[in-house]
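*Asks:* Would you mind keeping the following structure in view while I ask a few things?
Nothing in this text is a laboratory measurement; each read-out follows from the coordinates by a stated rule. Note that this is a predicted model, so its numbers are computed, not measured. Positions of Cβ are backbone-derived with ideal geometry, glycine not excepted, and every protein chain shown enters the neighbour counts.
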Amino acid sequence: MATDLKTETPLARIGEIGKYEGQTVEIRGWLYNLRESGKLLFPQIRDGSGVIQGVALQKQAPQAFEALKGLTQESSLIVRGKVRADKRAPGGYELDVSEVRVVQKVPESDPYPITLKEHGVDFLMEHRHLWLRTPRQAAILRLRAEIIKAVRDFLDERGFVLTDPPILTPAACEGTSTLFPVDYFDEQAFLTQSGQLYAEATAMALGKVYSFGPTFRAEKSKTRRHLTEFWMVEPEVAYATLDDIMVLAEDLICFMVRRALEKRRRDLELIGRDVSKLEKIEAPFPRISYDEAAAMLQKGFEEGKLETKFEWGGDLGSPDETYLSSKFERPVMVHRYPAAVKAFYMEPDGQRPELALCVDVLAPEGYGEIIGGSQRMASYDLLLQRIHEHGLPEEAFKWYLDLRKYGGVPHSGFGMGIERAVAWICGLEHVRETIPFPRMLYRLYP
């Protein structure tokens, strides 16, 4: 029979258990697994920061032994024990368990559905609320949190001001075909696909800003890189050129990777990431023009490495991005795409007006685009012309045009999808593991 723990001891997190070597601590968590060997029990306990193996001897800790014996997976419990260094143990430490209090026992008649055996992806996604408890998924979410913190630290320390754009917008940022419509009283609104246009407005007020929030794309895509709801960080800088934001993007990526290696190396290793590849990420990144990228893709087709011939003038698709990025050990910056395949607000190249002053940053190892940015159009008249050419409602963009009418200046920015960045840094095959509850074409539950 489990009993309450009696005297106070230090409350420890497993992720920091090394601080308590030789001390008796209390851990509050869940039973991840239990091995029994006669009068010895080996409980594996998790608390969200890590997993530690305990040892409970029947003779030395009868109360703990009886409380643990036959205990079901994912039962919640409070454990007390002495921390002992052991190189053979995961994480380098074990816990000599002395007392246990079971908070809630998972019933044997209705056991925890995710066992240590293999499960199909569909089953795991249907039980995503429980799948998150596994060490791998928990490690990915800790890495996501670290990367988000790194992004904020990088921008905050460089004088950027966080400004929050609306999620409900009256019109599209990049066209109307990829928006989720929403009834807004007597009008129609849309879930935002980017905070960029609003960041441009706040940049004219504050100079250097960024937005960071959820964005929504209604593309009917089922690729491993797409979610219908994702988080995006979007810096915007007044008086900045395309070259300026290419350097900013480069520095941000290096900062994120270094932070992940410094703070979450153990988590990277737990999920099986080859950290030696991340250690190669340093500035400067290779830069190639769209023309050069097109030539590389055409050569790849001729050599039989690509199934489809790339024609100059088209946008890069996922196979194209995968092929190009696989050629480099560091992210590669592809700049100056044809204006016809890019958004209406991009500044044309002064030397070749058919090109836009834009850049896509492709992550190595075939991960494709993680950042897209551009120098924004400065001319009121040209912007108005492009709005008409794209069939967008002028009235909905009147405020955006005002930015060019009242003290307009050259300015630039980019957007980075957090999930794609996390997928690359973690070495994941699919972005669905990078967010707690992914929303995809056929996934709205749980």
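*Asks:* Compare the Cα positions of 206, 55, 245 along the charge dipole of the chain (+1 at Cβ of Lys, Arg; -1 at Cβ of Asp, Glu; about the Cα centre) and return the one farthest towards the positive end.
*Replies:* Selected residue: 55.
*Asks:* Output the pairs from 222/299; 19/69; 19/280; 39/82; 82/117 with a Cα-Cα distance over 25 Å in this structure; if there are none, say none.
*Replies:* 222/299; 19/69; 19/280; 82/117
*Asks:* Apply the Karplus parameterisation 6.51 cos²θ - 1.76 cosθ + 1.60, with θ equal to phi minus 60°, to every residue of region 17-26 and state each ³J(HN,Hα) to the nearest whole Hz, in sequence, with x for glycine and proline.
*Replies:* Once θ is set to phi - 60°, the couplings for region 17-26 become 5, x, 5, 10, 3, x, 9, 8, 10, 10 Hz.
*Asks:* Further, regarding this structure: Efficiency by 1/(1 + (r/R0)^6): what FRET value for residue 16 and residue 205, r their Cβ-Cβ distance, R0 = 45 Å, to the nearest 0.05?
*Replies:* Calculated value: 0.60.
*Asks:* While we're looking at this one, here's another question. For region 378-388, just list the computed ³J(HN,Hα) in residue order, Karplus coefficients 6.51, -1.76 and 1.60, θ = phi - 60°, integers in Hz, with x standing in for Gly and Pro.
*Replies:* Calculated HN-Hα couplings, in order: 9, 7, 4, 5, 5, 4, 4, 4, 5, 4, 5 Hz.
*Asks:* Could you check how many percent of all C-alpha pairs in region 285-393 are farther apart than 22 Å?
*Replies:* Roughly 34 percent, once rounded to a whole number.
*Asks:* Would you mind checking which residues have amide H under 5 Å from residue 44's amide H? H placed 1.01 Å from N; only 5 or more apart, or other chain.
*Replies:* 32, 33, 34, 35, 54
*Asks:* For the pair residue 292/residue 379, report the inter-label distance in nm, with labels modelled 7 Å from Cα in the Cβ direction.
*Replies:* 2.8
*Asks:* If you don't mind, there's one more thing I want to ask. Work out how much length residue 275 to residue 180 would gain on full extension: take 0.36 nm times their residue separation and subtract the Cα-Cα distance, in nm to one decimal.
*Replies:* Details: separation 95, 0.36 × 95 = 34.20 nm, distance 3.85 nm.
Between residue 275 and residue 180, full extension yields 30.4 nm more.
*Asks:* What ³J(HN,Hα) values, in whole Hz, does the Karplus curve 6.51 cos²θ - 1.76 cosθ + 1.60 give for region 263-269 when θ = phi - 60°, with x put for Gly and Pro?
*Replies:* So the J values, rounded to whole Hz, are 9, 10, 4, 4, 5, 4, 5.
*Asks:* What spacing in nm lies between the two simple spin-label points modelled at residue 117 and residue 395, each 7 Å away from Cα in the Cβ direction?
*Replies:* 6.2
*Asks:* Between residue 187 and residue 132, what length in nm is gained on full extension when 0.36 nm per residue of separation is reduced by their alpha carbon distance? List each step's numbers first, then the result.
*Replies:* Working: separation 55, 0.36 × 55 = 19.80 nm, distance 3.89 nm.
Once the chain is fully extended between residue 187 and residue 132, it gains 15.9 nm.
*Asks:* Among 409, 209, 422, determine the one that fluctuates most according to a GNM of the chain built with springs between C-alpha atoms less than 10 Å apart.
*Replies:* 409
*Asks:* So for the pair residue 258, residue 149, with labels modelled 7 Å out along Cα→Cβ, what separation do we get in nm?
*Replies:* Output for this residue pair reads 1.7 nm.
*Asks:* Counting other C-beta atoms within 10 Å, and keeping those with at most 14, which DSSP coil GluC sites (Glu not before Pro) do you find in region 226-334?
*Replies:* Answer by residue number: 279, 282, 303, 307, 311, 329.
*Asks:* Let me ask another. Running Debye on the chain with equal point scatterers at the Cα sites and no solvent, what base-10 log of I(q)/I(0) appears at q = 0.10, 0.14 Å⁻¹?
*Replies:* The computed values of log10 I(q)/I(0) come out as -0.81, -1.26.
*Asks:* Restricting the calculation to Cα positions, tell me the Rg (one decimal) and the Dmax (whole number) of region 54-141 in Å.
*Replies:* 15.4, 45
*Asks:* Could you tell me whether region 114-270 comes out rounded, prolate or oblate from its Cα gyration tensor? Rule is a ≥ b ≥ c as square roots of the eigenvalues, rounded for a/c under 1.5, then prolate if a/b exceeds b/c, otherwise oblate.
*Replies:* Details: a/c = 2.52, a/b = 1.22, b/c = 2.07.
Judged from the Cα gyration tensor, region 114-270 comes out oblate (a/c at least 1.5, b/c at or above a/b).
*Asks:* Could I ask something else about it? Using amide H atoms built 1.01 Å from N in the peptide plane, name the residues 5+ places from residue 355, or on other chains, whose amide H lies under 5 Å from its own.
*Replies:* 339, 349
*Asks:* With Rg and the Kirkwood Rh both taken from Cα atoms, where does Rg over Rh land for region 14-104?
*Replies:* Values: Rg = 11.6 Å, Rh = 12.6 Å.
Reported Rg/Rh (Cα atoms, Kirkwood Rh): 0.92.
*Asks:* Mind giving me the FRET efficiency for residue 315 and residue 84? R0 is 51 Å, r the Cβ-Cβ distance, nearest 0.05 is fine.
*Replies:* 0.30
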